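Please treat every number below as a calculation from the coordinates, not as lab data. A quick note: this is a predicted structure, and the numbers were derived from the prediction, not measured. Ideal geometry is used to build each Cβ from the backbone, glycine not excepted, and the neighbour counts take in all protein chains shown.
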Amino acid sequence: MEDLDFEALEVALRQQVLRLAGRAVEQRLNADTSDGVGSRLPCSCGGKSHFVGRRPKQFHSVLGPLRLERAYYHCPACRRGYFPRDRQLGIEKHFSVSCPHAHDRYGRRYGQLSRRQ
Ligand SMILES: [Zn+2]
């Protein structure tokens, strides 16, 4: 018992639990393809956006990185695309890691976050 580092054990277990929880969230969200129902959705420009397919993207979360597959729609009228689920979950900009200028809700750049992890 003398060599037992309680803090190290705690930290390691916490990370494992968070990773497991992250996997569960990932699986649940990726299994739910209800965001891709319907081949067309009304666009904010007044046109119709078309379902293109499901696109994966990695997001940062308190549970660690999550790889989410979301339905992608594109509007030929205004040439803009969007992900209904990103809007639904409120992760459209905040949790994007593919954009180098993205910030999290605390104003930290994701580059800084990933370096720290
Ligand atoms: Zn449009």
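Worth a mention:
- Calculated FRET value between residue 34 and residue 67, using beta carbons and R₀ = 25 Å, to 0.05: 0.85
- Charge context of residue 76, other residues only, Cβ under 13 angstrom, K/R +1, D/E -1: +4
- For peptides 56-68, 36-48, sequence by mean Cβ density within 10 Å, most packed first: 56-68, 36-48
- At most 16 other Cβ within 10 Å, DSSP loop - GluC sites (Glu not before Pro), the stretch 1-84: 2
- Neighbourhood net charge (13 Å Cβ-Cβ; Lys/Arg +1, Asp/Glu -1) for residue 66: +4
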